[in-house]
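In what follows, a single structure is set out as C-alpha coordinates and then discussed.
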Amino acid sequence: MRDRLFLPGQVIAGVPVKPDQHDSVIFGTTDAAGRTARIRLPKWHPQKKWVFNAVVGDGDLGESFHLIDPGGQKVHAGVPYLLDVENGYLPCGHSDANGDTDYAQSRTPSNVDLPTGFQTIG
(Lines give C-alpha, C1' and ligand atoms only; values in the text may rest on other atoms or scores of the structure.)
Protein backbone atom coordinates (compact mmCIF):
# COMPACT_ATOMS: atom_id res chain seq x y z
CA MET A 1 0.00 0.00 0.00
CA ARG A 2 1.25 3.47 -0.81
CA ASP A 3 1.13 5.74 2.22
CA ARG A 4 1.66 9.24 3.54
CA LEU A 5 3.03 9.83 7.04
CA PHE A 6 3.59 13.04 8.98
CA LEU A 7 3.46 14.60 12.41
CA PRO A 8 1.58 17.92 12.28
CA GLY A 9 3.88 20.86 12.96
CA GLN A 10 7.11 18.81 12.90
CA VAL A 11 10.02 19.03 10.49
CA ILE A 12 11.83 15.74 9.89
CA ALA A 13 15.58 16.06 9.24
CA GLY A 14 16.39 15.54 5.56
CA VAL A 15 12.75 15.82 4.45
CA PRO A 16 11.99 19.20 2.83
CA VAL A 17 8.91 21.18 3.79
CA LYS A 18 6.72 22.36 0.90
CA PRO A 19 6.17 26.12 0.54
CA ASP A 20 3.41 27.42 2.85
CA GLN A 21 3.54 24.21 4.94
CA HIS A 22 4.74 23.63 8.50
CA ASP A 23 5.60 19.95 8.52
CA SER A 24 7.57 17.34 6.59
CA VAL A 25 5.60 14.63 4.81
CA ILE A 26 7.01 11.21 3.95
CA PHE A 27 5.49 9.28 1.07
CA GLY A 28 6.31 5.59 1.02
CA THR A 29 5.05 2.06 0.88
CA THR A 30 3.80 -0.11 3.70
CA ASP A 31 5.30 -3.61 3.55
CA ALA A 32 3.39 -6.89 3.94
CA ALA A 33 3.92 -6.77 7.73
CA GLY A 34 2.43 -3.25 7.96
CA ARG A 35 5.76 -1.47 8.54
CA THR A 36 6.52 2.01 7.19
CA ALA A 37 9.68 4.10 7.02
CA ARG A 38 11.60 4.47 10.28
CA ILE A 39 11.73 8.10 11.38
CA ARG A 40 13.90 9.70 14.05
CA LEU A 41 12.89 12.88 15.83
CA PRO A 42 14.51 14.65 18.81
CA LYS A 43 11.76 13.37 21.13
CA TRP A 44 9.09 10.66 21.22
CA HIS A 45 5.54 11.48 20.02
CA PRO A 46 2.49 9.28 20.75
CA GLN A 47 1.08 7.30 17.84
CA LYS A 48 -2.27 9.14 18.00
CA LYS A 49 -0.51 12.42 17.09
CA TRP A 50 0.76 11.06 13.75
CA VAL A 51 -1.27 11.24 10.53
CA PHE A 52 -1.05 8.10 8.39
CA ASN A 53 -3.08 8.02 5.16
CA ALA A 54 -3.39 5.49 2.38
CA VAL A 55 -2.60 7.23 -0.94
CA VAL A 56 -4.95 6.87 -3.91
CA GLY A 57 -4.37 8.30 -7.39
CA ASP A 58 -1.18 9.77 -8.85
CA GLY A 59 0.36 13.22 -9.12
CA ASP A 60 2.03 16.04 -7.23
CA LEU A 61 -1.23 17.56 -5.97
CA GLY A 62 -3.34 16.03 -3.25
CA GLU A 63 -5.66 16.40 -0.31
CA SER A 64 -7.03 14.47 2.64
CA PHE A 65 -9.64 15.47 5.18
CA HIS A 66 -9.88 15.45 8.97
CA LEU A 67 -13.49 14.83 10.06
CA ILE A 68 -14.38 16.70 13.25
CA ASP A 69 -17.47 18.43 14.66
CA PRO A 70 -17.99 22.15 13.92
CA GLY A 71 -16.55 23.06 17.34
CA GLY A 72 -13.36 21.14 16.59
CA GLN A 73 -13.66 19.01 19.71
CA LYS A 74 -15.10 15.66 18.60
CA VAL A 75 -13.33 13.44 16.07
CA HIS A 76 -15.61 11.50 13.72
CA ALA A 77 -13.96 8.07 13.47
CA GLY A 78 -15.41 5.26 11.36
CA VAL A 79 -17.55 7.57 9.21
CA PRO A 80 -18.17 6.29 5.66
CA TYR A 81 -17.04 8.80 3.01
CA LEU A 82 -16.56 9.23 -0.71
CA LEU A 83 -13.79 11.43 -2.16
CA ASP A 84 -15.27 12.69 -5.43
CA VAL A 85 -12.27 13.95 -7.44
CA GLU A 86 -13.47 16.15 -10.33
CA ASN A 87 -12.87 14.45 -13.69
CA GLY A 88 -11.17 11.67 -11.78
CA TYR A 89 -11.98 8.81 -9.49
CA LEU A 90 -14.18 8.01 -6.50
CA PRO A 91 -12.21 6.43 -3.65
CA CYS A 92 -14.34 5.55 -0.67
CA GLY A 93 -13.72 4.24 2.81
CA HIS A 94 -14.20 4.99 6.49
CA SER A 95 -12.38 7.69 8.45
CA ASP A 96 -9.69 6.25 10.71
CA ALA A 97 -9.50 6.46 14.52
CA ASN A 98 -8.25 10.07 14.21
CA GLY A 99 -11.02 11.07 11.76
CA ASP A 100 -8.70 11.15 8.73
CA THR A 101 -9.55 10.06 5.17
CA ASP A 102 -7.31 8.63 2.46
CA TYR A 103 -5.03 11.08 0.62
CA ALA A 104 -6.28 11.63 -2.96
CA GLN A 105 -3.57 12.62 -5.47
CA SER A 106 -4.01 14.23 -8.89
CA ARG A 107 -1.76 15.40 -11.73
CA THR A 108 -3.92 18.49 -12.34
CA PRO A 109 -5.71 20.90 -10.01
CA SER A 110 -9.14 19.40 -9.28
CA ASN A 111 -12.06 20.08 -7.00
CA VAL A 112 -12.69 17.39 -4.41
CA ASP A 113 -16.11 16.89 -2.86
CA LEU A 114 -16.49 14.92 0.36
CA PRO A 115 -19.98 13.48 0.78
CA THR A 116 -20.47 11.86 4.18
CA GLY A 117 -24.25 11.59 4.05
CA PHE A 118 -24.20 7.85 4.49
CA GLN A 119 -25.06 8.31 8.17
CA THR A 120 -25.90 11.13 10.54
CA ILE A 121 -22.89 12.89 12.07
CA GLY A 122 -23.56 14.62 15.31
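The values are calculated or read from the model by the stated rules, or taken from the named source; none is laboratory data. Model, not experiment: these values are computed from the prediction. Don't worry about glycine lacking a Cβ; one is built from the backbone with ideal geometry, like all the others, and counts go over all protein chains shown.
Of all the residues that make up the range 10-49, how many are assigned to a loop (DSSP other than H, G, I, E, B) and more than 25 Å from GLY59 (Cβ to Cβ)?
Initially, the range 10-49 is screened for residues assigned to a loop (DSSP other than H, G, I, E, B), giving 10-24, 30-46.
Next, only the ones that are more than 25 Å from GLY59 (Cβ to Cβ) stay: 13, 32-35, 38, 40-46.
Result for the range 10-49: 13.
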Unmet requirement for HIS76, which otherwise passes all of (1) farther than 29 Å from PRO115 by Cβ; (2) modelled with pLDDT of 90 or more; (3) not basic (Lys, Arg): (1)
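Just the residues that are assigned to a strand (DSSP E or B), of a type in the set (Asp, Glu) and more than 19 Å from ARG2 (Cβ to Cβ), please, taken from the range 80-117. First the steps, then the outcome.
Here is the first cut: in the range 80-117, the ones assigned to a strand (DSSP E or B) are 80-82, 84-85, 92-94, 100, 103-106, 112-113.
Then keep just the ones that are of a type in the set (Asp, Glu); that gives 84, 100, 113.
Passing the criteria: ASP84, ASP113.
Where residues in the range 22-33 are farther than 11 Å from ASP3 by Cα and more than 14 Å from the chain's Cα centre (by Cα), which of them is surrounded by the most Cβ atoms within 10 Å (Cβ to Cβ)? Please lay out each step first, then the result.
Restricting attention to the range 22-33, the residues satisfying the condition of being farther than 11 Å from ASP3 by Cα are 22-24, 32-33.
This time we only want the ones that are more than 14 Å from the chain's Cα centre (by Cα), so: 22, 32-33.
Values: HIS22: 10, ALA32: 6, ALA33: 5.
Result: HIS22.
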Hits in the range 36-54 - residues which are charged (D, E, K, R), exposed (fewer than 10 other Cβ atoms within 10 Å of the Cβ) and either at pLDDT 90 or above or closer than 24 Å to GLY93 by Cβ (or both): LYS48
Conditions (1) surrounded by fewer than 15 Cβ atoms within 10 Å (Cβ to Cβ); (2) touching a strand residue (DSSP E or B) at 6+ places or on another chain (Cβ under 7 Å): number failed by GLY14: (2)
